[in-house]
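Working notes, beginning with the structure itself.
The values are calculated or read from the model by the stated rules, or taken from the named source; none is laboratory data. As the structure is a computational prediction, the values presented were derived from the model and not from experiment. Note that we place each Cβ from the backbone using ideal geometry, even for glycine, and neighbour counts take in every protein chain shown.
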Amino acid sequence: MYNMSEELYMKKEYHSILIKTLGDSPKLRILDFFLDNPLFEFTKKEVIDALGMSKQTFYKYFSDIENYGIVIASQKIGRAKLYKINLDHPLVSMLRNYETKISLQTDEEEIKKMKHGPAKAKV
C-alpha cells in the first residue's frame, strides 16, 4: 500500500535541511523523522514504514539512538513500545537550532534573489 509519509521521507526533492546538508545516512534519517514529529509517539514499525527502511537497517541504527537517550520510550501499549524524540537531549537542541538557522539563512537568500530579480539585459 502506498503511503504519503513514505514519499516525504524517500524522495530527494522532499529531503529536510538536515538530510540535504549533513547527508542521507540511515541514522540521520531516523533522527530526522523524530525531529519532524516532536509531538507524536511512534512504534518502531511505524517509523520503518514511514521511512521505507528495511527492518535490519533500522534496528542496526536505532539502538544507538535509543541508548544515547536521543529517542526515548514514552509508553507501552501491550507489547508495543511507543517512542518519541527527547527534546531535553543536548544533541536534539543543537540539531533543532541548526535547522532553524539554516532555514532562516535560506529564506534570507531567497528574499535577496526576489528583491534583485533576474538580471536585465542591456539594450
Being surrounded by 15 or more Cβ atoms within 10 Å (Cβ to Cβ), part of a loop (DSSP other than H, G, I, E, B) and free of Cβ contacts under 8 Å to residues at least 40 places away in the same chain is the filter here, so list the residues in segment 16-58 that pass it. MET53
Do you know which residues across segment 40-57 are of a type in the set (Ser, Thr, Tyr) and either under 20 Å from LYS76 (Cα atoms) or modelled with pLDDT under 95 (or both)? THR43
Could you list, in sequence order, all residues of segment 64-110 that are in contact with a helix residue (DSSP H, G or I) (Cβ under 8 Å, 6 or more places away or on another chain), closer than 15 Å to LEU35 by Cα and polar (S, T, N, Q)? ASN86, SER103
Kindly indicate whether LEU91 is outside any helix (DSSP H, G or I) and either over 17 Å from the mean Cα position of the chain (by Cα) or on the phi < 0 side of the Ramachandran plot (or both). no
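One residue is enough: does segment 97-120 have a residue meeting the conditions among the basic types (Lys, Arg) and modelled with pLDDT of 95 or more?
Within segment 97-120, the first condition is being among the basic types (Lys, Arg), and the residues that meet it are 101, 112-113, 115, 120.
Retained after the next criterion (residues that are modelled with pLDDT of 95 or more): none.
No, there is no match, as no residue in segment 97-120 is among the basic types (Lys, Arg) and modelled with pLDDT of 95 or more.
Quick check on this structure: which one of SER25, SER54 is among the small types (Gly, Ala, Ser) and more than 19 Å from LEU95 (Cβ to Cβ)? I'd like the intermediate steps shown before the answer.
On the way: SER25 fails: more than 19 Å from LEU95 (Cβ to Cβ).
Being among the small types (Gly, Ala, Ser) and more than 19 Å from LEU95 (Cβ to Cβ) holds for just one of SER25, SER54, which is SER54.
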